[in-house]
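The values are calculated or read from the model by the stated rules, or taken from the named source; none is laboratory data. Everything quoted here is computed from the prediction, not taken from an experiment. Neighbour counts are summed over all protein chains in view; Cβ atoms, including those assigned to glycine, are modelled from backbone coordinates with ideal geometry. Each accessible area value is taken on the protein alone, full model and side chains, heavy atoms only, with ligands, DNA and RNA left out. Shrake-Rupley method; radii C 1.70, N 1.55, O 1.52, S 1.80 Å.
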There are 4 protein chains.
Amino acid sequence: MSNSFGKLFRFSIFGQSHAPAIGVIIEGLPSGFEIDVEKLSAFLARRAPGGRYATSRKEPDAPEFIAGLVDGKTCGAPVTAIIKNTNTRSSDYEYMRHIPRPGHADFAAMVKYGPSRDYSGGGQFSGRLTAPLCIAGGIAMQLLEKRGVSVGSRILSIGGERDEEKMFELIDKARADGDSVGGVIECTVSGLYPGVGEPMFDGLENRIAQAVFGVPAVKGIEFGAGFESAGMLGSECNDPFYLDDEGKVRTRGNNHGGILGGISSGMPIVFRVAIKPTPSIAKEQPSVNMERKENCTLQVRGRHDPCIVPRALPCIEAAAAAAIYDLILESER
Amino acid sequence: MSNSFGKLFRFSIFGQSHAPAIGVIIEGLPSGFEIDVEKLSAFLARRAPGGRYATSRKEPDAPEFIAGLVDGKTCGAPVTAIIKNTNTRSSDYEYMRHIPRPGHADFAAMVKYGPSRDYSGGGQFSGRLTAPLCIAGGIAMQLLEKRGVSVGSRILSIGGERDEEKMFELIDKARADGDSVGGVIECTVSGLYPGVGEPMFDGLENRIAQAVFGVPAVKGIEFGAGFESAGMLGSECNDPFYLDDEGKVRTRGNNHGGILGGISSGMPIVFRVAIKPTPSIAKEQPSVNMERKENCTLQVRGRHDPCIVPRALPCIEAAAAAAIYDLILESER
Amino acid sequence: MSNSFGKLFRFSIFGQSHAPAIGVIIEGLPSGFEIDVEKLSAFLARRAPGGRYATSRKEPDAPEFIAGLVDGKTCGAPVTAIIKNTNTRSSDYEYMRHIPRPGHADFAAMVKYGPSRDYSGGGQFSGRLTAPLCIAGGIAMQLLEKRGVSVGSRILSIGGERDEEKMFELIDKARADGDSVGGVIECTVSGLYPGVGEPMFDGLENRIAQAVFGVPAVKGIEFGAGFESAGMLGSECNDPFYLDDEGKVRTRGNNHGGILGGISSGMPIVFRVAIKPTPSIAKEQPSVNMERKENCTLQVRGRHDPCIVPRALPCIEAAAAAAIYDLILESER
Amino acid sequence: MSNSFGKLFRFSIFGQSHAPAIGVIIEGLPSGFEIDVEKLSAFLARRAPGGRYATSRKEPDAPEFIAGLVDGKTCGAPVTAIIKNTNTRSSDYEYMRHIPRPGHADFAAMVKYGPSRDYSGGGQFSGRLTAPLCIAGGIAMQLLEKRGVSVGSRILSIGGERDEEKMFELIDKARADGDSVGGVIECTVSGLYPGVGEPMFDGLENRIAQAVFGVPAVKGIEFGAGFESAGMLGSECNDPFYLDDEGKVRTRGNNHGGILGGISSGMPIVFRVAIKPTPSIAKEQPSVNMERKENCTLQVRGRHDPCIVPRALPCIEAAAAAAIYDLILESER
């Protein structure tokens, strides 16, 4: 059940990089909700390739809604959207059928799924599968907005650099070198009232983490002060409570990242995500030919993003939005 | 369903700090498995209080198996263990009934559960609830061992210090100051064969993270190089494949932390967890009296661990073991 | 995950006939709900042995709440209740360790769980396990009552007889003969508003059926006109709609049993359940000695109910109440 | 999560009668499995309209696999199939937008989903949605066959008649009268080894029943002797065990329908399902205009099957196959 996420707002993603289509089925949407298609398209465009950071491959990801909508509004049935793949099968990947790319899911997929695995373009492990995630999450964001909850994110660093100009330089250099570079994303969720999230295993942290690790290349997540809090004293880390002018309980500081005991405190939810450099690089790398059972080298062909961090922004937002909207539904009962 | 975790190896934790009992029901154990009670007790003893780091409150957490075992062996029915609480109700906590401890789940619990919440000793958010987690996880560890998989952990740093002597100093100082201090735990899982874990939302990272955030005070998790990988180039971060002497595929380096695409690579699984300083400190802290709706200060009474990191070690191992054993069952089909 | 039921109102049953205890953990109860213990005890007493129909074994099933309640009210944590078994282990069952009782779960348990299965008193397949079901369901009934929904049931027939006097005769004769007799129970749920139940696999029929087959000896379920509707014309079976005096939509007749498309129509939910005669009878029966691998006969010792139908009434109500309350929570979002 | 079924073999159905497409996403298939498309088509053809019993509307339901297959074999990713609807939107149903058909889900859908519900052709409650169920179940049947398990069904009675000639007469008469007629289906599963099924709520009976009630018009299910067993003595109902010539344990008689304690006994699984007459009939029926809030009559236009029982056969098989295959996976761990 790995391709499904959520309990009351639940979606299942399907497809592979070069399958006829990729898509998503979404259960748990309210009936009569009008999806703002334009806003959704703008959201999806943020993860589309192109621009300074990205490869120039054309990949228009317009979702086609094949079920669940009547006159643009949800009707109570599951909403299903597909994105057709124009390039459905290719021999471009034949050379690496038996040679796993270092850092990529290739090797694990070979072991787990055997010779029948779909190796074209990374198959089901392709970053393309974040498009349906963004459809589900983008719709969740629209539903969150109706409740006054907004989800945003920004790049905190690229290759360790926090200065934007230096970030650009690193990306440009990585592209020139046939290399790639990682980065850190910070995501903030504002407007969430206190009391959302279930204790223990279904808290905000648990579920956001579970969703966010569904985005390829994520290798870490921290909430509030996160790893920094491990170096703090309790008297530093604890965020004192106070009553604000409107009589609302708030905290001074937000080391807790808006989450206490897995449950929202009413302060903004803040978390950071570590994105490793995309493993597909042009540089020659040592690998193993699994068929011949011998060591070899591999040079990945084709154009690849030197830095996927900018395109990962909406994916992280989508994952967080889906997790949070699901927990809101659970707490609204 | 917040107190339950797992799909095929599934457990549900119950209890509050001062309820008559805390405990766990475990489904999915094989029939005829003899739980090594001595080993389990030794494992549970690691999270028990006492010793240099911990408070001196007495808290013997011997589990009593009330169902699922016949002559010490599993019989196919769910295994249920309880730990009786000797101090089931107390007025010790009355003074903070309406005053949430900064950094603690108190405030969130007040909002979510209202005046009926169990505020004694943190109620269901108490660290005591990690005892039943350790029972479930400790049994999972025994089942993993039969498959050649071992789970271990160590303290990487306390209060930012990696030198053991300095760690001790920081803890002693925190105790003397009525303060507390956090730390980082590194957990390693050895012997796991490649191919375990489901893609997308039920990968090893997703599920380990979901489980580990169930341990109170965890604020971050990273796998392999984690946040450091965000500062790397692909050519640095990618772990090259090679054939070892036995013809097994291995990687040079383990930046991927034994997980590629959510699936085990056969290399050791390595992850680090940030533990914030325990929020219950003796130092006076600003808070809010929720009943009177006025700002106030709070001084938490009683003895509290200046550093829960050592006691958190088996909890992190238990959470990881439960998540991994569950995924092994799923991949063994 | 066989011992768990429900999604938002979720309970997990544990125990075996002669384990130290049987019990249930219940998640999803609202906080601040005062369980009417007296009413619950009266409900549990209906499934307790004794009276004209039942065996005279003493079996007082008073639940002990070990977690989740503070001063008799739910606190938001899972509610856990146990019933201690006074007779925890016995040699009474040794003679049938290797000889499965015809019609009983014994044989299936032998195959599934092997020699370690708990064979005493039927182990986890014992009718005793309906006591924790009745605790969970009895609490669900109290929550349903607060919403104006009531659940009731009656014996429709015993051994094919609908006349009460003849029912008694059949039971008395079965007891005298060392035999047993089955019956049909009709359950009615009144006061449920229209719109509860999810289409396709989580409809009222799907979920009530799933829960009700959890009661041992149930071999069939039908809703509304049920199997009779299979012999009808559409023009007979369809219940016409009309507006009642209060302007509410109602149907003439209730062949649909209050459920259309899996969803409540506002009419009473009516279903019938077939209870087979209890398989444990004193009469000698052919069976197989599994150890010796030879045909043999078996005479089950001890006292056994000649008719479990009366005691099954609260169990069926409990199963239905749990399923319906869970679906109410899902539709109330 | 109503449109999803299963735990390890899990599928989610989407679509409405006149949506652009209907379809299904299937998770949990083994990698490298070649779907026999011809056999699947033949299976789907059994539920397609046409023939003596059925309406003459043309409705070719050829599934198009848009994901999860590479060269006709599963690749480990979820298999997704769609069936495009040629007639995607129509004004044919406008006249009954506000007038629920007696016996149909219309009224429940109006209440549950409000004015945005999809009322064309029954929307998500249409019998058309059994086509994706048959795709998932048809694939499960192929996987069962590889394990030696076969699923078959037959019509036991139509309108109460068990004589085939009289069945035909009843259907012809119902068609001539603008009426419809129900029937009983018997389904048999052969070749299932003992030990499959989980006790209590995930037994074969529980899960088959949950799946089967997902087929529209099902109003009852009974296993083995079913309701007849309620009229039996234990000594009649219990199926005695014996060793057959090969030393296998078998039972004389199969009143238990191949299921003991929710678990397979190795005997054929036998269950019967009551199918009510299809509610869409040409005869004038009393109903309510929900908009005008007044009583009225309704005459359903268009051609409708006078008897859906023959077309329901593969649907019942599909539901059973999906439930059983899922439980086989769970027991094979």
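Residue by residue, here is whether (1) more than 8 Å from chain B (Cβ to nearest Cβ); (2) crowded, with 24+ Cβ neighbours inside 10 Å; (3) on the phi > 0 side of the Ramachandran plot holds:
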{"residue": "A:GLY226", "(1), (2), (3)": "no, no, yes"}
{"residue": "A:GLY253", "(1), (2), (3)": "yes, no, yes"}
{"residue": "A:GLU284", "(1), (2), (3)": "yes, no, no"}
{"residue": "A:CYS296", "(1), (2), (3)": "yes, no, no"}
{"residue": "A:LEU329", "(1), (2), (3)": "yes, no, no"}
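Taking the options B:VAL181, B:VAL218, name whichever one is within 19 Å of the chain's Cα centre (by Cα), at pLDDT 95 or above and more than 7 Å from chain A (Cβ to nearest Cβ). Step through it out loud before you land on a result.
Values: B:VAL181 fails: more than 7 Å from chain A (Cβ to nearest Cβ).
Within the list B:VAL181, B:VAL218, the selection yields B:VAL218.
Only residues that are assigned to a loop (DSSP other than H, G, I, E, B) and either in contact with a helix residue (DSSP H, G or I) (Cβ under 7 Å, 6 or more places away or on another chain) or within 7 Å of chain D (Cβ to nearest Cβ) (or both): list them for region C:258-268, please. Even if it seems obvious, please write down each step before you answer.
Of the residues in region C:258-268, the ones assigned to a loop (DSSP other than H, G, I, E, B) are C:258, C:261-262, C:265-268.
C:GLY261, C:GLY262, C:SER265, listed by residue number.
In the set D:GLY257, D:GLY266, which member is in contact with a strand residue (DSSP E or B) (Cβ under 9 Å, 6 or more places away or on another chain), buried (at least 24 other Cβ atoms within 10 Å of the Cβ) and under 30 Å from B:LYS7 (Cα atoms)? Show your work before the answer.
Details: D:GLY266 fails: buried (at least 24 other Cβ atoms within 10 Å of the Cβ).
That would be D:GLY257, the only listed residue that is in contact with a strand residue (DSSP E or B) (Cβ under 9 Å, 6 or more places away or on another chain), buried (at least 24 other Cβ atoms within 10 Å of the Cβ) and under 30 Å from B:LYS7 (Cα atoms).
State the number of residues belonging to region C:269-282 that are outside any strand (DSSP E or B) and either open to solvent by 30 Å² or more (accessible area, probe 1.4 Å) or of a type outside the set (A, V, I, L, M, F, W, C) (or both).
Here is the first cut: in region C:269-282, the ones outside any strand (DSSP E or B) are C:276-282.
Those left that are additionally either open to solvent by 30 Å² or more (accessible area, probe 1.4 Å) or of a type outside the set (A, V, I, L, M, F, W, C) (or both): C:276-280, C:282.
Of the residues in region C:269-282, 6 are outside any strand (DSSP E or B) and either open to solvent by 30 Å² or more (accessible area, probe 1.4 Å) or of a type outside the set (A, V, I, L, M, F, W, C) (or both).
Within region B:148-161, track down each residue that is over 17 Å from the mean Cα position of the chain (by Cα) and over 14 Å from A:GLU228 (Cα atoms).
B:GLY148, B:VAL149
Scan region D:23-38 for residues that are under 24 Å from D:PHE213 (Cβ atoms) and either in a strand (DSSP E or B) or within 14 Å of chain C (Cβ to nearest Cβ) (or both) and jot them down.
Going residue by residue through region D:23-38, those that are under 24 Å from D:PHE213 (Cβ atoms) are D:23-28.
Result: D:GLY23, D:VAL24, D:ILE25, D:ILE26, D:GLU27.
Here are the criteria: (1) touching a Pro at 6+ places or on another chain (Cβ under 9 Å); (2) within 7 Å of another protein chain (Cβ to nearest Cβ); (3) part of a loop (DSSP other than H, G, I, E, B). Tell me which single one D:VAL288 does not satisfy.
(3)
Specify the residue that is nearest to the chain's Cα centre (by Cα); the eligible residues are those in region B:69-81 that are more than 7 Å from every other protein chain (Cβ to nearest Cβ) and open to solvent by less than 40 Å² (accessible area, probe 1.4 Å). First the steps, then the outcome.
Filtering region B:69-81 down to residues more than 7 Å from every other protein chain (Cβ to nearest Cβ) leaves B:69, B:71-72, B:79, B:81.
When the remaining residues are screened for being open to solvent by less than 40 Å² (accessible area, probe 1.4 Å), the result is B:69, B:72, B:79, B:81.
Working: B:LEU69: 25, B:GLY72: 26, B:VAL79: 20, B:ALA81: 18 Å.
Among those residues, the one meeting the criterion is B:ALA81.
Answer with yes or no whether C:VAL151 is modelled with pLDDT of 95 or more and within 12 Å of another protein chain (Cβ to nearest Cβ). Even if it seems obvious, please write down each step before you answer.
On the way: modelled with pLDDT of 95 or more: yes; within 12 Å of another protein chain (Cβ to nearest Cβ): no.
No.
Can you pull out every residue in region B:152-173 that is open to solvent by 20 Å² or more (accessible area, probe 1.4 Å), under 20 Å from B:ASN255 (Cα atoms) and not charged (D, E, K, R)?
B:GLY152, B:SER153, B:ILE155
Considering only residues that are open to solvent by less than 40 Å² (accessible area, probe 1.4 Å) and more than 20 Å from D:GLY262 (Cβ to Cβ), look in region C:97-136 and name the one that is farthest from the chain's Cα centre (by Cα).
Only one residue fits best here, namely C:ILE99.
When region C:298-309 is examined, which residues are found to be open to solvent by less than 20 Å² (accessible area, probe 1.4 Å) and closer than 30 Å to C:LYS39 by Cα?
So in region C:298-309, the residues open to solvent by less than 20 Å² (accessible area, probe 1.4 Å) come out as C:298, C:300, C:305-307, C:309.
If the condition is that a residue be open to solvent by less than 20 Å² (accessible area, probe 1.4 Å) and closer than 30 Å to C:LYS39 by Cα, then C:ASP305, C:PRO306, C:CYS307, C:VAL309 are the ones that fit.
Might you check whether a residue that is out of contact with any strand residue (DSSP E or B) (no Cβ under 8 Å at 6 or more places or on another chain) and in contact (Cβ under 8 Å) with a residue 60 or more places away in the chain occurs anywhere in region A:284-294?
To start, the set of residues in region A:284-294 that are out of contact with any strand residue (DSSP E or B) (no Cβ under 8 Å at 6 or more places or on another chain) comprises A:291-292.
Then keep just the ones that are in contact (Cβ under 8 Å) with a residue 60 or more places away in the chain; that gives A:291-292.
Checked against the condition, which is being out of contact with any strand residue (DSSP E or B) (no Cβ under 8 Å at 6 or more places or on another chain) and in contact (Cβ under 8 Å) with a residue 60 or more places away in the chain, region A:284-294 yields at least one hit.
Could you tell me whether A:GLY247 is part of a loop (DSSP other than H, G, I, E, B) and more than 26 Å from A:SER126 (Cβ to Cβ)? It would help to see each step written out before you state the result.
Values: part of a loop (DSSP other than H, G, I, E, B): yes; more than 26 Å from A:SER126 (Cβ to Cβ): yes.
Judged against the criteria, A:GLY247 is a match.
Yes or no: region C:194-201 includes at least one residue that is more than 7 Å from chain D (Cβ to nearest Cβ) and crowded, with 24+ Cβ neighbours inside 10 Å. Before the answer, list the steps.
First pass over region C:194-201, keeping only residues more than 7 Å from chain D (Cβ to nearest Cβ): C:196-197.
The next check asks that each one be crowded, with 24+ Cβ neighbours inside 10 Å; those that pass are C:196-197.
Yes, because at least one residue in region C:194-201 is more than 7 Å from chain D (Cβ to nearest Cβ) and crowded, with 24+ Cβ neighbours inside 10 Å.
Please state which of the following conditions B:GLY148 fails to meet, knowing it meets all the rest: (1) free of Cβ contacts under 8 Å to residues at least 40 places away in the same chain; (2) open to solvent by 30 Å² or more (accessible area, probe 1.4 Å); (3) on the phi > 0 side of the Ramachandran plot.
(1)
Please work out which residue is farthest from the chain's Cα centre (by Cα), limiting yourself to region C:5-22 and to residues that are facing another protein chain (nearest Cβ under 7 Å) and in a strand (DSSP E or B).
Step by step, filter region C:5-22, then rank; the result is C:ALA21.
Considering only residues that are more than 23 Å from C:THR251 (Cα to Cα) and among the hydrophobic types (A, V, I, L, M, F, W, C), look in region C:202-212 and name the one that is farthest from the other protein chains (Cβ to nearest Cβ).
First pass over region C:202-212, keeping only residues more than 23 Å from C:THR251 (Cα to Cα): C:202, C:207, C:209-212.
From what is left, the residues that are among the hydrophobic types (A, V, I, L, M, F, W, C) are C:209, C:211-212.
Values: C:ALA209: 4, C:ALA211: 7, C:VAL212: 8 Å.
So, considering only residues that are more than 23 Å from C:THR251 (Cα to Cα) and among the hydrophobic types (A, V, I, L, M, F, W, C), the one farthest from the other protein chains (Cβ to nearest Cβ) is C:VAL212.
Can you find a residue in region C:174-185 that is free of Cβ contacts under 8 Å to residues at least 60 places away in the same chain and either open to solvent by 50 Å² or more (accessible area, probe 1.4 Å) or closer than 30 Å to D:PRO199 by Cβ (or both)? So that I can check it myself, show each step before the final result.
First, the residues of region C:174-185 that are free of Cβ contacts under 8 Å to residues at least 60 places away in the same chain: C:176.
So of that shortlist, the ones also either open to solvent by 50 Å² or more (accessible area, probe 1.4 Å) or closer than 30 Å to D:PRO199 by Cβ (or both) come out as C:176.
Yes, there is a match, as at least one residue in region C:174-185 is free of Cβ contacts under 8 Å to residues at least 60 places away in the same chain and either open to solvent by 50 Å² or more (accessible area, probe 1.4 Å) or closer than 30 Å to D:PRO199 by Cβ (or both).
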